[in-house]
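The structure under discussion appears below in the form of structure tokens.
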Number of protein chains: 2
Amino acid sequence: MTVARPDEVRRYNRASLLRLLHTGGPATRAALAAELGLNRSTIKMLVDGLAGDGVVEEKVPRLAQGAGRPSLLVLPQPQAVVVLAVDVQVEHAAIALVGLGGQILGRNSWNLRGRRREPEEVVCHVAESAAFLAQDLGLRPVAAGVSVPGIVRRSDGMVHGAANLAWLDVPLGQRMGTALGVPVAVGNDAELGALAEFVRGAGRGASDAVFVSADVGVGGGIIAQGALLRGSAGYLGEIGHMTVHPGGRRCHCGNVGCWETEVGEAALRRALGLVDDAPRGAIVAELRELRRDSDPVARLGDYVDWLVLGLVNVVNVFGPELVVLGDLFTALPDAVVRRARREVHERSMVSRALGGVRIEKSALGADLKLLGAAEAAFGDVLATV
Amino acid sequence: MTVARPDEVRRYNRASLLRLLHTGGPATRAALAAELGLNRSTIKMLVDGLAGDGVVEEKVPRLAQGAGRPSLLVLPQPQAVVVLAVDVQVEHAAIALVGLGGQILGRNSWNLRGRRREPEEVVCHVAESAAFLAQDLGLRPVAAGVSVPGIVRRSDGMVHGAANLAWLDVPLGQRMGTALGVPVAVGNDAELGALAEFVRGAGRGASDAVFVSADVGVGGGIIAQGALLRGSAGYLGEIGHMTVHPGGRRCHCGNVGCWETEVGEAALRRALGLVDDAPRGAIVAELRELRRDSDPVARLGDYVDWLVLGLVNVVNVFGPELVVLGDLFTALPDAVVRRARREVHERSMVSRALGGVRIEKSALGADLKLLGAAEAAFGDVLATV
């Protein structure tokens, strides 16, 4: 804080109000005033300004309670601010146009096999597909967010390594920016999953939470003190590459015994007795079948032990109030999650100190990373609307 | 940022200037103006105010360079703001009065054995010793910071567990506050070590750093995005309790194979072939001896492997630019640190992505935790001087 000029204050307050509507949804002026600590006349001025620009609309709520004039609801207008969300996974890519408030307004997806997985092809296909979609819907995205399963430098979207895609040092942020013609934010998929959980999912309102997801690889995103944690130079740490099994399997990262090698997709295949190239759908189907088993924990054998061991580490190292399990982990039988909860609490001194750590499955489903990518794109946009 | 009133702005700027002098030492008005982004007349007003209150002094530098009138140096006055720093370790306790700028103005220490290690006795002895010291020096501390090797709730200084002290659920912040009659901040020793390194040591200016120290236990403190990371409810995570050796030794925390069991004090004794109750001095002497050995890495055997494994995890999980090794780790032969540097880089994908992570020994010596405790105390004080 240095001396703040009135127009800076107004801009700041406008952005804060917009962010509140974006993440919290429709609200009355009174609720907005209370939440932002601003007086009613300032709120009126800001809402009038945003309504005049078509960014919000004011409406009588459908179910007005009590007597007297009902308080008007301020609604964010999804079409007023639209961003492009891109989710590049190992087997497929998806794009979506996401409006103010987080609503998905349209989407498209395609398989990534062979040559179509190369960075040039992915960028080209994303740009083409996004242009069609925008034209179809008559919308113009003002920024883009891209989720990638790799180590990403935040500042410029350089993908240092995405081993499961066989990408190495790809300047994805720059290439996407050139192809799309809008500002692009690139993020690690687990990091953006954490962001989505934090803004729209189980982590909403949490001050300290860890999001752990299993796909081909295993990754994590950390909310610390109410903000997304980032490593040096914007590289997020890689929770999946904690060594948990010295002398264990060799990992593609070059190290041995990484958590990913014990609880990632390949480990799930082994635990379920599936063949090495069984597709993801078969894994999910098998896990669904397992729910009817009398003892699914026993059926998964070692897998559950490694899951618990890594979760104990996550809880001991970060001291979160909440751990959210994403992607393939969400297909695990509830009995496995219950076992993990109990064992983590018993074995983690930090969990005991905290009086317990919540361990929940993500409820955002397959759109998780698209929603996270959208939030990364909205990050800088809302301040300038 | 909401609307800032002129007196709030002045108070904020005064605190910022004081913090800069406290951490950066004496500086010219011109340097302060440049650093804080304030104009010269504002700086003059602030410095004059602080000088009038006896908090700073202005002096002609001893070696004025070039022609013309030399620029006056603004010096913080150590005696103007004094805090009490308390370092409770397993074998001994120390207190110090620390002045503005971080100078230790006086100190005292004593052994903790038997009954003297009980919380009531420690609090009582600290209060008594602090009163004597303050009287001797004619100083009056305005706040206190306490370092404890345990899990500490930041908000009120509740020590949930300090297993190596055999403390459980001790309301240390409250007791110390009552005994000392000043505000008290209690922190985990590794966390406060990290704070000291960040403000005055190897981590100065680092945006993302991890401090790892080995005493009886092994702990860590994390600087993320230029601020000390804290877990939920103020509990910091416990890096020493990452499981690195499934099926390994039982740890006092109730889990098995914690990093602490492989690289803490007891593990060093085993690696050096010392008896179980060999005192810390013997360990340090033996490590000093080891520096003359032709191959100290080989002499320490497995110990170095476990050290490297844990450091790989720390680097992969947090993605820091710098790792600082503290306490007993500083006594390790340089050859061991060089080996750790090389192996961590080879085995950590995050280190490779970052183009390398610096791994350094702490240079703050035995005063590290006292200095960290002092900074915890100064934290809230400088805004109100």
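Where nothing but the Cβ of Lys and Arg (+1) and of Asp and Glu (-1) is charged, how large is the charge dipole of chain B around its Cα centre, in debye to the nearest 20?
Using Cβ point charges on Lys, Arg, Asp and Glu, chain B gives about 960 debye.
Can you check how the C-alpha radius of gyration of segment B:260-350 compares to 2.2 N^0.38 Å, as a plain ratio?
1.08
With θ set to phi - 60° and the Karplus curve 6.51 cos²θ - 1.76 cosθ + 1.60, what are the ³J(HN,Hα) couplings of segment B:136-141 in order, to the nearest whole Hz, using x for Gly and Pro?
Once θ is set to phi - 60°, the couplings for segment B:136-141 become 3, 8, x, 10, 10, x Hz.
Under the rule of at least 5 residues apart or a separate chain, name every residue whose amide H is placed under 5 Å from the amide H of A:Val186.
Close amide H contacts, sequence-distant or interchain: A:Val146, A:Gly157.
Take the alpha carbon atoms of segment A:203-363, find their radius of gyration, then divide it by 2.2 N^0.38 Å using N residues; give the quotient.
1.01
Please go through segment A:286-385 and write out the trypsin sites (Lys or Arg not before Pro) that DSSP classes as loop and that have at most 11 other C-beta atoms within 10 Å. Kindly include the intermediate steps, with their values, before the conclusion.
Working: sites: A:Arg288, A:Arg291, A:Arg292, A:Arg299, A:Arg338, A:Arg339, A:Arg341, A:Arg342, A:Arg347, A:Arg352, A:Arg358, A:Lys361, A:Lys369; in loops: A:Arg291, A:Arg292.
Passing sites in segment A:286-385 are A:Arg292.
List residues of segment A:113-143, by number, whose backbone nitrogen lies under 20 Å from a label position 7 Å along Cα→C-beta of A:Asp277.
A:113-118
Under unit Cβ charges (Lys, Arg +1; Asp, Glu -1), what dipole magnitude, rounded to 20 debye, does segment A:6-76 have relative to its Cα centre?
Roughly 200 debye for segment A:6-76.
Quick one: helix B:280-290 against the long Cα principal axis of chain B, what's the angle to the nearest 10°, folded into 0 to 90?
80
Residues with beta-carbon under 10 Å from that of A:Glu360, excluding A:Glu360: net charge, scoring Lys, Arg +1 and Asp, Glu -1?
Details: positive: A:Arg341, A:Arg358, A:Lys361; negative: A:Glu197.
Local charge sum for A:Glu360: +2.
Can you pull the mean other chain C-beta count within 10 Å for peptide A:336-344?
Across A:336-344, the average partner-chain Cβ count within 10 Å equals 0.
With a Förster radius of 60 Å, plug the Cβ-Cβ distance of A:Asn39 and B:Arg288 into 1/(1 + (r/R0)^6) and report the FRET value to the nearest 0.05.
Details: r = 67 Å, r/R0 = 1.12.
Working from the Cβ atoms, E equals 0.35.
What lysines could a cross-link reach from A:Lys44, if we take a straight Cα to Cα line under 20 Å and drop same-chain neighbours fewer than 8 places away?
A:Lys59
For q = 0.06, 0.12 Å⁻¹, what log10 I(q)/I(0) does chain B give under the Debye formula with an equal point scatterer on each alpha carbon and no solvent?
Here log10 of I(q) over I(0) equals -0.26, -0.97.
Using helices alone, what [θ] at 222 nm do you get for chain B, with -39,500 (n - 2.57) per DSSP H run of 4 or more residues, divided over all residues and rounded to the nearest 500?
Details: 14 runs with 159 residues, N = 385.
That calculation yields -12500 deg cm²/dmol at 222 nm.
Among A:Asp277, A:Asp156, A:Asp380, A:Asp189, rank each residue by its count of other Cβ atoms within 10 Å, from fewest to most, as a rough exposure measure.
A:Asp277, A:Asp380, A:Asp156, A:Asp189
What residue among B:Ala373, B:Ala196, B:Ala80 shows peak mean-square fluctuation when chain B is described by a Gaussian network model with Cα springs under 10 Å?
Highest fluctuation of the listed residues: B:Ala80.
If you consider only alpha-carbon coordinates, what radius of gyration and Dmax does segment A:20-163 have, in Å?
20.0, 65
Output the relative contact order of segment B:203-363, whole-number percent, from Cα pairs under 8 angstrom with separation of 6+ residues.
For segment B:203-363, the relative contact order is 24 percent.
From other protein chains only, count the Cβ atoms within 10 Å of every residue's Cβ in B:204-210, then give the mean.
2
Counting Lys +1, Arg +1, Asp -1, Glu -1, what net charge surrounds B:Ala143 among other residues with beta carbon under 14 Å of its beta carbon? Don't jump to the answer; show the numbers that get you there.
On the way: positive: B:Arg140; negative: B:Glu375, B:Asp380.
Once all neighbours under 14 Å are counted, the net charge is -1.
Take every residue in peptide B:241-251, count the Cβ atoms of other chains within 10 Å of its Cβ, and give the average of those counts. Kindly include the intermediate steps, with their values, before the conclusion.
Numbers: counts 9, 10, 12, 7, 4, 9, 0, 1, 0, 0, 2.
That works out to 5 on average.
Using only the Cα atoms of the protein assembly as shown, build the gyration tensor, take square roots of its eigenvalues as a ≥ b ≥ c, and label the shape rounded, prolate or oblate: rounded if a/c is under 1.5, else prolate if a/b is larger than b/c, else oblate. Spell out each step's value before the answer.
Details: a/c = 1.75, a/b = 1.17, b/c = 1.50.
Oblate.
Provide the FRET efficiency to the nearest 0.05 for the A:Glu118-B:Thr178 pair, computing r from the beta carbons and using R0 = 51 Å. Let's see the in-between values first.
Values: r = 68 Å, r/R0 = 1.32.
For A:Glu118 and B:Thr178, the calculated efficiency is 0.15.
Of the candidates B:Ala331, B:Ala224, B:Ala285, which one comes out as most mobile in a Gaussian network treatment of chain B with C-alpha springs shorter than 10 Å?
Taking springs between Cα atoms under 10 Å, the residue moving most is B:Ala285.
Cross-link partners among lysines for A:Lys361, C-alpha distance below 30 Å, same-chain residues fewer than 8 apart left out?
Straight-distance partners of A:Lys361: A:Lys369.
Values in this text are rule-based calculations from the coordinates and carry no lab data. Nothing here was measured: the structure is a model prediction, and the numbers come from that model. Positions of Cβ are backbone-derived with ideal geometry, glycine not excepted, and every protein chain shown enters the neighbour counts.
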